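The values are calculated or read from the model by the stated rules, or taken from the named source; none is laboratory data. These numbers come from a predicted model, not from an experiment. Note that we place each Cβ from the backbone using ideal geometry, even for glycine, and neighbour counts take in every protein chain shown. These area figures cover heavy atoms from the full protein model, side chains too; ligands, DNA and RNA do not enter into them. Shrake-Rupley method; radii C 1.70, N 1.55, O 1.52, S 1.80 Å.
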Amino acid sequence: MVNDSNMYRDARLEKLRALQEKGYNPYPYKFEPTAYAADLQEKYKNIENGTDTADVVTVAGRAMAVRNSGMFIDLKDSTGKIQVFCHKNNLSEEYLERLKFLDVGDMVGVTGFVRRTPRGELTVAAQKFDIIAKSLQPLPEKFHGLTDVEARYRQRYVDFIMNDDSRAVFEKRCRIVSAIRRYFEEHGFLEVETPMLQPIMGGANAKPFITHHNALDMDLYLRIAPELYLKRLVVGGFDRVFEIGRNFRNEGIDKSHNPEFTALEAYQAYADYNTMAELIPDLLRYVAKSVLGTTVIKVGEQEVDLAQPFKRRSIVELVKDYAGIDLMQAQTLDEAKEMAKSVGIDASDCISWGKVVQEVFDEKVEHHLIEPTLVMDMPRDVSPLAKTHRENPRLVEHFDAYVGAMEVGCAYSELSNPLEQKERFDAQCAARDAGDDEAQMLDEDFVNALENGFPPSGGMGMGIDRLAILLTGAETIRDVIAFPTLRKRD
């Protein structure tokens, strides 16, 4: 943050003014490097110490260290670092004078010949030197050492300048998104875009953000999921579609939740959740192999191989194994609450049997699911968009995918019967009336779309931020989002 009383900033401002008074513009319109640090390190890796070449290159980047009054500069560009050597034998008086105004953090452009110093450092011996962006803010001496951890997220640009690990995580996240896109394109899916401003909240159970459109004089919801619009496209004849985009949920912030997040959803006609149970593990392996070069990832101190078959366990079986209660035996909501209470879970606020199942699962089971696991067959009353289970009407064909004790995705056999879908929406509306502000609303146009014929379909969703946590080994979702949502400073 700019601080006019900061003496270091004042000193840099003085240098800026002095440069401008000399007729020099330290903020030029354009600068064209001809080489990058990593490429130079690779190209000249075999030249001997003390060797000068005749090769002239132009490099540009940030001055991360300045030694001997500017004689030696550590220049960092987007690919790595290289040393710059500024000596009076190679530079005119004009450039030597300009060096006096250089500070650590300035962006510089240098033209010179490539050499390796007697001590073995690959170097560009400067023949021209320009300051191409004068930095008015001093860089921290050791950004890792800041006591205010949130400073890394509030000034993320500084974090990326100083912290190569943060930069590597973000670059890896970008490659994850690219790999996901390639996977679906290679499997015949069409990438589409659907509205982020929606007149009806739907596609997931969550609290929305509400905004107002002035011209139409109507409230709109920032989307919590693209699901209902993607299914409309399947009705329209697009048999395989996917979307990567932002969702917004007005919920708490913790290690795995951010109010705005990037999600993937995909729908495939003539498929079911068993199809998706093959697709999701295959997708995870493909992305891990593409980004990491291996399917083996670290979860804490434990190694997990995504190449292994994913376990498939029903949610009620897992609750029975880890909590010791069989909630399928509960015939009423009160019975389910009593069973939960018997294992130390307060389910008094739950308004349905399925909510009790989910509550017990969250408390007693989830943290055990380190190995890749598909948690199958969710309760019908907490999953209003999935087909009723073909063998048990209390359940639906919906699974959640877990790796490293974290849900990374889900999938359904999509509900295609418009009459049943209307009944499910009505039940959700009743739940909203009973106080569940995360329950879904009735979307009459979506029901009408289903009445035009929605083919048997499988659908899946995945949180890309969580997948990035998994594949980068990050500790929190804030590490894999460039600019996470933060509380306002006082």
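Some points to look at:
- Exactly one residue among Arg167, Arg223 is among the charged types (D, E, K, R) and within 20 Å of Ile469 (Cβ to Cβ), and that residue is Arg167.
- Only one of the listed residues (Lys100, Lys134) is over 30 Å from Ile47 (Cβ atoms), buried (at least 20 other Cβ atoms within 10 Å of the Cβ) and not hydroxyl-bearing (Ser, Thr, Tyr). That residue is Lys134.
- Yes/no for Gly188 being under 30 Å from Glu451 (Cα atoms), outside any strand (DSSP E or B), touching a Leu at 6+ places or on another chain (Cβ under 7 Å) and touching a residue at least 12 places away in the same chain (Cβ under 8 Å): no
- Looking across the stretch 16-36, the residues that are surrounded by 12 or more Cβ atoms within 10 Å (Cβ to Cβ) and more than 16 Å from Asp103 (Cβ to Cβ) come down to Asn25, Pro28, Phe31, Pro33, Ala35, Tyr36.
- Unmet requirement for Phe143, which otherwise passes all of (1) modelled with pLDDT of 95 or more; (2) surrounded by 16 or more Cβ atoms within 10 Å (Cβ to Cβ): (1)
- Among the residues of the stretch 226-255, those identified as touching a strand residue (DSSP E or B) at 6+ places or on another chain (Cβ under 6 Å), open to solvent by less than 40 Å² (accessible area, probe 1.4 Å) and outside any helix (DSSP H, G or I) are Pro226, Val241, Phe242, Glu243, Ile244, Asn247, Phe248.
- Filter result (within 15 Å of Pro379 (Cα to Cα) and polar (S, T, N, Q)) within the stretch 334-361: Ser352, Gln358
- Scanning the stretch 452-461 for residues that are surrounded by 24 or more Cβ atoms within 10 Å (Cβ to Cβ) and not small (Gly, Ala, Ser) returns a single hit, Met460.
- Any hit, the stretch 49-72, residues being under 30 Å from Ala151 (Cβ atoms) and either loosely packed, with under 11 Cβ neighbours inside 10 Å or among the polar types (S, T, N, Q) (or both): yes
- Just one of the listed residues (Ala439, Ala431, Ala427) is among the hydrophobic types (A, V, I, L, M, F, W, C), in contact (Cβ under 8 Å) with a residue 40 or more places away in the chain and part of a loop (DSSP other than H, G, I, E, B), namely Ala439.
- Hey, Ser178 among the polar types (S, T, N, Q), modelled with pLDDT of 90 or more and not in a helix (DSSP H, G or I) or not: no
So that you can scan it fast, the table gives a plain yes or no per residue for (1) assigned to a loop (DSSP other than H, G, I, E, B); (2) surrounded by fewer than 20 Cβ atoms within 10 Å (Cβ to Cβ):
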site: Tyr267; (1), (2): no, no
site: Pro281; (1), (2): no, no
site: Val287; (1), (2): no, no
site: Val304; (1), (2): no, yes
site: Arg312; (1), (2): no, yes
site: Lys320; (1), (2): no, yes
site: Met339; (1), (2): no, no
site: Ser348; (1), (2): yes, yes
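- One residue from Gln329, Gln308, Gln358 being open to solvent by 30 Å² or more (accessible area, probe 1.4 Å), polar (S, T, N, Q), at pLDDT 95 or above and closer than 23 Å to Leu283 by Cα: Gln308
- Each residue in the stretch 186-216 was checked for being hydroxyl-bearing (Ser, Thr, Tyr) and open to solvent by 70 Å² or more (accessible area, probe 1.4 Å), and 0 pass.
- Once the stretch 448-490 is narrowed to residues that are of a type in the set (Gly, Ala, Ser) and in a loop (DSSP other than H, G, I, E, B), the residue that is farthest from Met376 (Cα to Cα) is Ala482.
- Scanning the stretch 364-381 for residues that are in a helix (DSSP H, G or I) and either open to solvent by less than 10 Å² (accessible area, probe 1.4 Å) or within 20 Å of Lys341 (Cα to Cα) (or both) turns up Lys364, Glu366, His367.
- Taken together, Arg167, Arg181 contain a single residue that is in contact with a helix residue (DSSP H, G or I) (Cβ under 9 Å, 6 or more places away or on another chain), within 30 Å of Ile244 (Cα to Cα) and open to solvent by 50 Å² or more (accessible area, probe 1.4 Å), which is Arg167.
- Considering Ala215, Ala206, the condition of being part of a loop (DSSP other than H, G, I, E, B), small (Gly, Ala, Ser) and touching an Asp or Glu at 6+ places or on another chain (Cβ under 8 Å) is satisfied by Ala206 alone.
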